[in-house]
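The next block holds one structure in the form of structure tokens; read it before the comments.
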Amino acid sequence: MSKSSGQLVTIIGPSGVGKDSIMLALKEQCPDVHLVKRVITRPEEAGGEDFTGVSVVEFEARKAAGDFVLHWSAHGLEYGIPKEIDDFIAKGKIVIFNGSRAALPSFEARYPEIKTILIMASHETLSKRLSNRGRETASEVESRLKRASYKMPKAKNMSVISNDGELQQAVDQLKTLIIPKTESAL
């Protein structure tokens, strides 16, 4: 039997915890998984994840036109999830996006069956990763580290993964949580 609809998964956690690294490694190992390319009001040259960088004016125009099924603000930026994810879900795909802890209630309001995966790491690990990526100033790194202790909103369907160790350990945990066991041949 084939699934008639897919699964939506949001990966959340503090900056520097390795969300994008885990997602990319999962995609390499599970090519049928669809990773969402977010739209962000940040220049694409800023690096990091694969995203579409737009101006605030363009973001607001796209939001008004209904181009996003989800959108939120964080770290002085605007983030949008393109409406095309609904097509992938309808085709039975596992669709994964890098979300926001603060926006989790709006995700669940729109997609009640969404699966939330919280990625966590120690303060020391986060500090080292944020400093090493070189994307933020020292004060921005400190601000992101303070935000790491942000109280989590309640989620209906949430699991937690630790990413203090080897990347593959976190990827394996994620696979176990979201990749369905294949059915045996009849």
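Read-outs throughout are calculated quantities, based only on the coordinates presented, and are distinct from any laboratory measurement. No experiment lies behind these values; they were computed from the predicted model shown. We place every Cβ from the backbone using ideal geometry, glycine too, and count neighbours over all the protein chains shown.
Figures for the structure shown
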| read-out | value |
| --- | --- |
| DSSP-defined beta bridges in segment 48-163 - what % are antiparallel, rounded to 5 | 55 percent |
| Most mobile of ALA74, ALA102, ALA170 in a GNM of the chain (Cα contacts under 10 Å) | ALA74 |
| Contour excess over end-to-end distance, with Cα ends at ASN157 and GLU28 and 0.36 nm allotted per residue | 43.9 nm |
| Exceeding the 30 Å Cα-Cα cut-off - candidates LYS83/LYS146; LYS93/LYS154; LYS83/LYS128; LYS19/LYS93 | LYS83/LYS146; LYS83/LYS128 |
| Longest segment of the chain lacking GluC sites (Glu not before Pro) that sit in a DSSP loop with at most 11 other Cβ atoms within 10 Å | 1-112 |
| Computed E for ASP20/ALA64 - FRET, C-beta separation, R0 35 angstrom, nearest 0.05 | 0.80 |
| For volume of the Cα convex hull per residue in Å³, calculated from these coordinates, the label among (i) 168; (ii) 121; (iii) 280 | (ii) |
| Label-point gap, in nm, between ASP164 and SER139 - each point 7 angstrom along Cα→Cβ | 3.2 nm |
| Alpha-carbon centroids, segment 9-54 and segment 68-100: separation in whole Å | 11 Å |
